[in-house]
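What follows is a set of notes on a single structure, which appears directly below.
Since every read-out is calculated from the coordinates, none of them should be taken as a lab result. Nothing here was measured: the structure is a model prediction, and the numbers come from that model. With ideal geometry, Cβ positions are generated from the backbone for all residues, glycine too; neighbour counts draw on all protein chains shown.
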Amino acid sequence: MIKDLDKKIKAYALKNAIAHDGKANPGSVISALFNEGLKKSEVKKVMTKIQEIIKDVETLSLEDQKKEFEDLDKVVSHRETREGLEELPNSKKGVVMRFAPSPSGPMHIGHALTSCISFLYVKKYGGKFYLRIEDTNPENIYKPAYKMIDDEGKWLFDGIAKTIIQSDRMELYYKYSKKLIDKKSAYICTCSQEAFKKFVDVKKNCPCRNLSVKKNIERWKKMLDDKGFEEGEAVLRFKSSMTHKNPAMRDFPLARVNLTPHPRQASKYRVWPLMNLAVAVDDIEMKMSHIIRAKDHRDNAERQKMIYSALGIKKFPWTAFLGRIHFKDLELSTTQFRQGIEKGIYSGWDDVKLPTLASLKKRGYKPQAFWKLSERIGLSENDKVMDKKEFFLLLDDFNRV
């Protein structure tokens, strides 16, 4: 157990109260104590003590809190005791940011934790915040999720997010595809997946790579034509480098033929953009200034930067990466949730046993609880491991005020 625990709790409670008009948050105190060496197994035992001390601290006037904190200032560690959001560069004129879920199901706590940090920065600096539903994979869509995500976004993001649906923007992706072909930065590859992988492995160009712009335009039109290429016969590839040190960057795909009927667009389109093309185009068109995304998207960020460069756009959005939160005993698969609902295990998406936003809203959680927790986590690339009990203990405290 931490030495002089009561003093440290009071010091951190006073520090947090002073920063928030006399009201201290137990979750912030817990976070500070973790930096002092508090173990996760001790949280439940310590939380009662924290709540008692905070209650006493909040009976003091703000001036008295400041006086008492002067005596305890030396007890507080000044390492990792940030209050509020870290500053973003180039943000004085406002920011344009986004959160981009796929409609495979409604939003859950994982979505809330990764999205709220961007939303908070837009609130802090002013600007625009987009809720962009990325639905260009017809095979992984749950149609009711469109409305659910839109409604949840209005609740979670205080009504300031503008909802955009990618499949409504297909002609725009086609326009940029042609631009890339015209600039000799993309080509239509008709090699099989197996054949192309062999070229990647030996760092050699495939025969399609050196085709003329005219020939590539012909192939592109054939991809779009109802009587043209079938699934798997042709892929639009970005012309990066087949000798790139990272094999994943070697002439990566941008679009392919997919004849699966789309839940929203039916069979209106047969060529669908892959994530890197659609994301790059939307970020350009929406004039994205800052992007905060999970760190497993590092390679995708690099691919999208290449697309920007090929189009002659020199300024790529400032980008930060977030570490993952691994829940030891909490499933976050909307596919599994859906299967559970269909089997009668859950009563619906708002079943109290599910960690969905619909469920948490029904249970009385407020959006501000997620804002505060997201702010506390901040722009950290470190992965975190939590169990369900620990997470809800923190969320309950952030939901208290």
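In segment 76-173, the C-alpha radius of gyration followed by the widest Cα-Cα span (Dmax) gives 15.8, 57 angstrom. List the pairs from 287/361; 44/343; 178/198; 203/305; 10/124; 93/361 whose alpha-carbon separation is above 24 Å, in the order I gave them. From the list (287/361; 44/343; 178/198; 203/305; 10/124; 93/361), the Cα-Cα distance tops 24 Å for 287/361; 44/343; 178/198; 10/124; 93/361.
Sorted fewest first by neighbouring Cβ atoms within 10 angstrom, 374, 61, 104, 167 come out as 61, 104, 374, 167.
Amide hydrogen proximity for residue 387: with H placed 1.01 Å from N in the peptide plane, the residues at 5 or more positions away or on another chain lying under 5 Å are 328.
Each pair of Cα atoms in segment 5-75 enters the Kirkwood radius, and Stokes-Einstein at 10 °C and 1.306 mPa s then converts it into a translational diffusion coefficient of 134 µm²/s. For a label point 7 angstrom out from the Cα of residue 61 toward its Cβ, which stretches of segment 1-32 have the backbone nitrogen within less than 19 Å? So the set is 14-15, 17-24.
Placing dummy labels 7 Å off each Cα toward the beta-carbon, the span from residue 230 to residue 260 is 1.9 nm.
This model, with +1 at the C-beta of Lys and Arg and -1 at the C-beta of Asp and Glu, gives the chain a dipole about its Cα centre of some 1640 debye.
Of the GluC sites (Glu not before Pro) found in segment 34-136, those in coil by DSSP whose Cβ has at most 16 other Cβ atoms within 10 Å are 58, 80, 83, 86, 87. Fully extending the segment from residue 222 to residue 52, taken as 0.36 nm per residue of separation minus the present Cα-Cα distance, adds 54.1 nm. Based on Cα contacts under 8 Å between residues 6+ apart, segment 174-276 shows a relative contact order of 25 percent.
Put simply, the C-alpha atoms of segment 272-351 give a gyration tensor, and the ellipsoid matching it has half-axes of 35, 16, 11 Å, longest first. Once the convex hull of all Cα atoms in segment 222-339 is built, its volume per residue stands at 173 Å³. For residue 229, nonlocal amide neighbours, meaning residues 5 or more places apart or on other chains whose placed amide H falls under 5 Å from its own, are 223. If R0 is taken as 41 Å, the Cβ-Cβ distance between residue 285 and residue 389 corresponds to a FRET efficiency of 0.40. Under a 5 Å amide H cut-off, with hydrogens placed 1.01 Å from N, residue 186 pairs with 181, 239 among residues at least 5 apart or on other chains. With angles folded into 0 to 90 degrees, how steeply does helix 5-19 sit against the dominant principal axis of the chain? Use alpha carbons for both and round to 10. So the helix axis and the longest Cα principal axis differ by about 70 degrees. Using alpha carbon coordinates only, what is the Rg to Rh ratio of segment 1-160, with Rh defined as the Kirkwood radius? In segment 1-160, Rg relative to Rh is 1.10.
Other residues within the sphere of radius under 13 Å centred on the Cβ of residue 88, judged by their own Cβ, net out at +2 (K and R +1, D and E -1). Can you give the Kirkwood hydrodynamic radius for segment 227-282, in Å, rounded to one decimal and based on Cα pairs? Every distinct Cα pair counted, the radius reaches 12.7 Å.
Helix 43-57 and the longest principal axis of the Cα set of the chain meet at an angle near 60°.
Sort out for me the Cα centre separation of segment 197-241 from segment 8-71, rounded to whole Å. One Cα centre to the other: 61 Å. Angle of helix 26-36 to the longest C-alpha principal axis of the chain, folded into 0 to 90 degrees and rounded to 10: 90°. Helix-only arithmetic for the chain: the sum of -39500 (n - 2.57) across DSSP H runs with n ≥ 4, divided by the residue total, places the mean residue ellipticity at 222 nm at -13500 deg cm²/dmol.
Ranking 176, 107, 129 by Cα position along the charge dipole of the chain, where only Lys, Arg, Asp and Glu carry charges on their C-beta atoms, puts 176 farthest toward the positive end.
In units of the rule-of-thumb radius 2.2 N^0.38 Å, the chain shows an alpha carbon radius of gyration of 1.17. Rounded to two decimals, what is Rg over Rh for segment 174-276 when you use alpha-carbon atoms and the Kirkwood radius? Radius of gyration relative to Kirkwood radius: 0.97. Per the Debye formula on identical point scatterers at the alpha carbon atoms of segment 150-214, with no solvent, log10 I(q)/I(0) at q = 0.15, 0.25, 0.26 Å⁻¹ is -0.68, -1.06, -1.08.
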